[in-house]
Amino acid sequence: MVVELSVVVPMYNEQEVLPLFVERLRPLLDGMDVAYEVVTVDDGSADLTPALLQRYRREWPQLRVVRLRANSGHQAAISAGLATARGDYVVTIDADLQDPPEVIARMLDLARADGVDVVYGVRNDRSTDTWFKRNSAAAFYRLIGLMSSSTARADAGDFRLMSRATVDAVNSLPEHNRVLRFIVPAFNFPSDTVEYKREERAAGASKYPLLKMVKLSIDSLTGFSTAPLRIATFAGFGGAVLAVLLLVYTLIAQASGHTVAGWTSTVAIVAAMGAIQLLCVGILGEYVGRMYTHLQGRPSYFIAYDSLTSRPSQDGPT
Ligand code: UDP
Ligand code: MG
């Protein structure tokens, strides 16, 4: 079966909103005139979500259910969906109707018309998010912008359309704790954006408590920046320089005779050891950083155009 469009939906304890979501999504997709599948990823729900999904599946042949063994988190659930989706295009969307499903059709039309690989859903109105969420998000994106070369937009979440090539690129990454909203733009595929209004959650409560938001922030920062490790390097070298200065000072003090017996050797040893240790920590930090980048396995480059194999219209020089 050829699938033109996959809709990947992560779900964690969404029994309240699930009926509303299905009611709104199905007629839209049925009316779109594409061969589609809906890949629901049940992220280890402990409520009626799995039972409801099984019930819907009986009367909705395009509905697929992927169940994770344990609650693994929003990003992991999306990753599982991307790994199993078969479509030429894949849209990821939240189950709580904060991302209006009507936008899916606009994304697909745009991708086809412009021949782009990614269409980002961009929130033009976040008034339904809490003050805390809006401001902490804005501050966080500024920080990540400063500390890494990320080009991710602060107003784009995980509502986006990706081409098969993009999904394959994401799936090829061996890294854990992926944060897709930063990884996808890093590939630099040709992209468009569609604006939409972020709605209020249609039913149920947020499945993103503060602790999960903190985890997402740490994953984003450590996944996209070795700046924290660099701080260790700089501190190490800075500390080593200070220790050497201290060593020089003790020797001068010794030579001029202004010291208590035993002071020079004690301070000199402390300073020398400190210098060596801090230097070594800094050097270790640099190698750990390199190992980490290597482990993440992201490609160092992506060829956008090769005259031998690419179609002329594809990202090529015009
Ligand atoms: N979600 C998930 N696993 C989790 C937490 C959330 O699959 O551990 C799903 C959730 O069911 C929803 C989406 O991720 O479809 C976004 O979660 P939510 O709407 O609760 O986050 P918020 O909009 O409050 O940031
Ligand atoms: Mg939500």
Selection count, the range 115-133, where residues are modelled with pLDDT under 85 and either outside any helix (DSSP H, G or I) or more than 18 Å from the chain's Cα centre (by Cα) (or both) | 6
Across (1) within 16 Å of ligand 1 (Cβ to nearest atom); (2) in contact with a helix residue (DSSP H, G or I) (Cβ under 7 Å, 6 or more places away or on another chain), SER225 clears everything bar (1)
Does THR193 satisfy being buried (at least 19 other Cβ atoms within 10 Å of the Cβ) and either acidic (Asp, Glu) or modelled with pLDDT of 95 or more (or both)?
-> no
Collect the residues in the range 240-262 that are closer than 28 Å to GLY282 by Cβ and either assigned to a loop (DSSP other than H, G, I, E, B) or not small (Gly, Ala, Ser) (or both), keeping them in residue-number order.
-> VAL241, LEU242, VAL244, LEU245, LEU246, LEU247, VAL248, TYR249, THR250, LEU251, ILE252
Give the residues of the range 49-98 that are closer than 30 Å to ILE218 by Cβ, in contact with a Phe, Trp or Tyr (Cβ under 9 Å, 6 or more places away or on another chain) and not in a loop (DSSP other than H, G, I, E, B), sorted by residue number.
-> THR49, HIS74, ALA77, VAL91, THR92
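Table: residues versus (1) among the β-branched types (Val, Ile, Thr); (2) part of a loop (DSSP other than H, G, I, E, B); (3) outside the structural domain of VAL118 (by the TED database); (4) farther than 22 Å from ARG126 by Cβ.
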| position | (1), (2), (3), (4) |
| --- | --- |
| GLY145 | no, no, no, no |
| ARG153 | no, yes, no, no |
| LEU161 | no, no, no, no |
| ALA165 | no, no, no, yes |
| ARG181 | no, no, no, no |
VAL116 meets each of (1) loosely packed, with under 15 Cβ neighbours inside 10 Å; (2) touching a Pro at 6+ places or on another chain (Cβ under 6 Å) with one exception, condition (1)
Filter the range 99-109 for residues that are outside any loop (DSSP other than H, G, I, E, B), touching a residue at least 60 places away in the same chain (Cβ under 8 Å) and more than 16 Å from ligand 2 (Cβ to nearest atom) and give the result.
-> ILE104, ALA105, ARG106, MET107, LEU108
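The values are calculated or read from the model by the stated rules, or taken from the named source; none is laboratory data. In this text, all values refer to a predicted model and were calculated from it rather than measured experimentally. We place every Cβ from the backbone using ideal geometry, glycine too, and count neighbours over all the protein chains shown.
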